[in-house]
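Have a look at the structure below, then the notes.
The values are calculated or read from the model by the stated rules, or taken from the named source; none is laboratory data. Please read these numbers as outputs of a predicted model, since none were measured by experiment. Don't worry about glycine lacking a Cβ; one is built from the backbone with ideal geometry, like all the others, and counts go over all protein chains shown.
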Amino acid sequence: MTKLLTRIIGATFIALLFIQPATAQSDVYVEGGHYELLGEFQPVQTGDKIEVVEMFWYRCPHCYRLEPYLEKWLQNKPENAEYVPIPALLNNSWAFQARAFYTFEALGLTDTLHAKFFDAIHKERRPFNTPDQLAEWAQEYGADPEEIKQTMNSFAVNNKLNFAALMSKKYGITGVPAIIVDGKYRTNVSMAGSHEELFLLIDYLVEKAAAERQS
């Protein structure tokens, strides 16, 4: 019995050596597989903080599915990281939704309307093709409809749209959602392997970028 017990314990110990916790996989990421290095590094907007850009489109179902995972990450993100959402502009048909985002931002309504706008498009299936439609919807949440319409075509929002179009090209994205860390690393859900793994990968890239800044 003693020899049998010893063998069982020994076999169990060996098996345990090959069982790795899920988070341990976050230590092993491959450039060109899990993430890509941008051909030309881009300046960041976040100073000493490591910039984590999300390129998104309100009508994208993949972006909508990412939202709850993103919200969870934002509650526990690394202290040295700062999240920067940028509406992607891969073609002219995406411009209206980008204007909506920058209108919310300009009026200080992002916290109130950003997630609700996603819901209105994907859950409620509401059409948003004109400033009047957006303004009427935003009014339901206390926004001034005239302010919405005026801001959508303002000089400030036009400038932001030009910036979003430029960065969509500079980051070399071909689809959304796309994540850019510190203006140099690009990744997405497919490259990471899953929604959960994407945010472990982002944490890894934040740590990597911070170490490279110090070297």
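Okay, residues lined up against (1) under 18 Å from D119 (Cβ atoms); (2) among the aromatic types (F, W, Y); (3) in contact (Cβ under 8 Å) with a residue 24 or more places away in the chain:
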{"position": "G47", "(1), (2), (3)": "no, no, no"}
{"position": "V52", "(1), (2), (3)": "no, no, yes"}
{"position": "F56", "(1), (2), (3)": "yes, yes, yes"}
{"position": "H62", "(1), (2), (3)": "yes, no, yes"}
{"position": "N76", "(1), (2), (3)": "no, no, no"}
{"position": "A81", "(1), (2), (3)": "no, no, yes"}
{"position": "W94", "(1), (2), (3)": "no, yes, yes"}
{"position": "R99", "(1), (2), (3)": "no, no, yes"}
### Query
Residues that are over 20 Å from P87 (Cβ atoms): which helices (runs of 4 or more DSSP H) entirely in the stretch 143-215 hold 1 or more of them?
145-152, 189-192, 195-214
### Query
Out of the stretch 58-102, which residues are under 29 Å from T130 (Cβ atoms), aromatic (F, W, Y) and not in a helix (DSSP H, G or I)?
Y58
### Query
Where residues in the stretch 100-132 are among the polar types (S, T, N, Q) and more than 18 Å from S154 (Cβ to Cβ), which of them is modelled with the lowest pLDDT?
N129
